[in-house]
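The values are calculated or read from the model by the stated rules, or taken from the named source; none is laboratory data. As the structure is a prediction and not an experimental result, all values here were calculated from the model. Cβ atoms come from the backbone with ideal geometry, glycine included; neighbour counts cover every protein chain shown. In case anyone asks, the SASA skips ligands and DNA or RNA and just uses the protein heavy atoms, side chains included. Shrake-Rupley method; radii C 1.70, N 1.55, O 1.52, S 1.80 Å.
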Amino acid sequence: MHNAKGLLGRIVRDKQWRFGYRRSFCSLKVIPEDLDNQVLVEGSGCSRTAILNRPPALNALTTHMGYRLQKLYKNWEEDPNIGFVMMKGSGRAFCAGGDIVSLYKLMKRGSPDAIREFFWCLYSFIYLLGTYLKPHVAILNGVTMGGGTGVSIPGTFRVATDRSIFATPETIIGFHPDAGASFNLSHLPGRLGEYLGLTGLKLSGAEMLACGLATHYIRSEEVPVMEEQLKKLLTDDPSVVESCLEKCSEVAHPEKTGVLGRIDLLEKCFGHDTVEEIIDSLEVEASRGKDTWCITTLRRLKETSPLSLKVALRSIREGRFQTLDQCLIREYRMSLQGTIGPMSANFCEGVRARLIDKDEAPKWGPPSLEKVSEDMVDDYFSALTATEPDLDLPVKLRESI
């Protein structure tokens, strides 16, 4: 087993420069020590904690962070003195996702290889976490969105708090739910995944626990106490880690007026085959009782990229019948189409309107659902070119260990 793990480490190190370039996604004018500070490490007993540490950017992920996480997690997995691993964020966020403003700037500069590197690195780490051989605890004490869900949900345990905010808001910037979202969302109860993926609307920590996105819940002021209890453990047994978490955790009840109180309505509206039918169904429900929730949901869908809506629905539906690695490989193709392919204009426009100019008035292409053809959606799921390499995950190696 040890030799297999060592081979795995060499394989991933070899893959890091697969594209033959040296410029990093996060090649800012900083010294290497500053880059390493983007992921800090705490060690205690037989546990190690990775701390995402870009608080001004809500700990948004860069390529360097992805490589550092891969290196740390591989070393910790191979170290017999380390029993389990934790991850948390600095400041008021766990992780707000990938650094999409930096991606936008790379697109404007014409740096496709750096964009490839970002997605390759991030998705490879997500697969590593999803197949990790040791117990993993993600402490989601704050904003947990987009890629932040990708680097936490695949792990063994996820602890939500009263400060947790979950969302996959990619469609509102003209992109698609990625970083494993098509796998994670598709396995939620009923049609909750379709609702979250299409609208990008938020869940609270209590709602995360109720639907299974979180495994435990604790008040934010109790998080330091829980961390101290975990650091005292000398174990690699997930049941021992789980027992400790359960002693610290508490019951949480989501608000009755929230989305989890509308599972039957979600099934009725978001169970349709097309986005058009989903919207028609919501409009019927909204007209019947002037339901505020339906009106809010409709408003969000109508603000969102029409192409992204159709792509997201298909992606989540496909994810329901795929493994995590299959979802990541497919999402990698989609992410390249959405950032460096013919479909990239929507992402540029969405980021511009939401995060750069902040005029909240994106001009989507196509501008309406009826103008989004099946061919456009099909193209989004295809490789950029016939020679474009797929994401190469060590599936046979890791799943045979």
(message) Of the conditions (1) in a loop (DSSP other than H, G, I, E, B); (2) within 20 Å of Ala96 (Cβ to Cβ); (3) touching a Cys at 6+ places or on another chain (Cβ under 9 Å), His176 satisfies every one except a single condition; which number is it?
(response) (3)
(request) Of the numbered conditions (1) out of contact with any Asp or Glu (no Cβ under 8 Å at 6 or more places or on another chain); (2) closer than 30 Å to Gly341 by Cα; (3) part of a loop (DSSP other than H, G, I, E, B), Pro80 fails exactly one; give the number of that condition. (result) (2)
(request) Determine which single condition Asp79 fails, assuming it passes every other condition in (1) open to solvent by 60 Å² or more (accessible area, probe 1.4 Å); (2) of a type in the set (Asp, Glu); (3) modelled with pLDDT of 95 or more. (result) (1)
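From the set of residues in segment 83-96 that are assigned to a loop (DSSP other than H, G, I, E, B) and touching a residue at least 60 places away in the same chain (Cβ under 8 Å), which is surrounded by the fewest Cβ atoms within 10 Å (Cβ to Cβ)? So that I can check it myself, show each step before the final result.
The initial filter retains those residues of segment 83-96 that are assigned to a loop (DSSP other than H, G, I, E, B), namely 83, 90-92, 96.
Among the residues that remain, those that are also touching a residue at least 60 places away in the same chain (Cβ under 8 Å) are: 83, 92.
Working: Gly83: 21, Arg92: 14.
The residue in question is Arg92.
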(request) Collect the residues in segment 105-119 that are part of a helix (DSSP H, G or I) and open to solvent by 10 Å² or more (accessible area, probe 1.4 Å), keeping them in residue-number order. (result) Lys105, Met107, Lys108, Arg109, Pro112, Asp113, Arg116
(request) Output the number of the condition that Thr274 fails; it satisfies all remaining conditions of (1) in contact (Cβ under 8 Å) with a residue 60 or more places away in the chain; (2) open to solvent by 10 Å² or more (accessible area, probe 1.4 Å); (3) not charged (D, E, K, R). (result) (1)
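For segment 223-235, how many residues meet the condition of being open to solvent by 70 Å² or more (accessible area, probe 1.4 Å) and under 26 Å from the mean Cα position of the chain (by Cα)?
Qualifying residue count, segment 223-235: 1.
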(message) Could you check segment 236-245 and list, in sequence order, the residues that are free of Cβ contacts under 8 Å to residues at least 40 places away in the same chain and either surrounded by 16 or more Cβ atoms within 10 Å (Cβ to Cβ) or hydrophobic (A, V, I, L, M, F, W, C) (or both)?
(response) Val240, Cys244
(message) Looking only at segment 378-401, how many residues end up being touching a helix residue (DSSP H, G or I) at 6+ places or on another chain (Cβ under 6 Å) and among the small types (Gly, Ala, Ser)?
(response) 1
(message) I'm told Lys371 meets every condition in (1) closer than 28 Å to Asp325 by Cα; (2) out of contact with any Leu (no Cβ under 8 Å at 6 or more places or on another chain) except one. Can you identify the failing condition by its number?
(response) (1)
(message) Restricting to segment 196-222, name every residue that is in a helix (DSSP H, G or I) and open to solvent by less than 10 Å² (accessible area, probe 1.4 Å).
(response) Leu196, Gly197, Leu198, Thr199, Gly205, Met208
(request) Provide a single number: the residues in segment 56-73 that are open to solvent by 20 Å² or more (accessible area, probe 1.4 Å) and either without any contact (Cβ under 8 Å) to a residue 24 or more places away in the chain or in a helix (DSSP H, G or I) (or both). (result) 7
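What residue, among those in segment 130-169 that are part of a loop (DSSP other than H, G, I, E, B) and of a type in the set (A, V, I, L, M), is surrounded by the most Cβ atoms within 10 Å (Cβ to Cβ)?
From segment 130-169, those part of a loop (DSSP other than H, G, I, E, B) are 131-135, 141-142, 146, 151-156, 162-164, 168-169; that's our starting set.
Among the residues that remain, those that are also of a type in the set (A, V, I, L, M) are: 133, 151, 153.
On the way: Leu133: 13, Val151: 30, Ile153: 27.
Among them, the one singled out is Val151.
Inside segment 101-119, can you point out the residues that are among the hydrophobic types (A, V, I, L, M, F, W, C), over 13 Å from the mean Cα position of the chain (by Cα) and within 21 Å of Arg54 (Cα to Cα)?
Val101, Leu103, Leu106, Ala114, Ile115, Phe118
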(request) Being more than 13 Å from Leu203 (Cα to Cα) and open to solvent by 60 Å² or more (accessible area, probe 1.4 Å) is the filter; apply it to segment 257-271 and report the residue that is nearest to the chain's Cα centre (by Cα). (result) Glu267
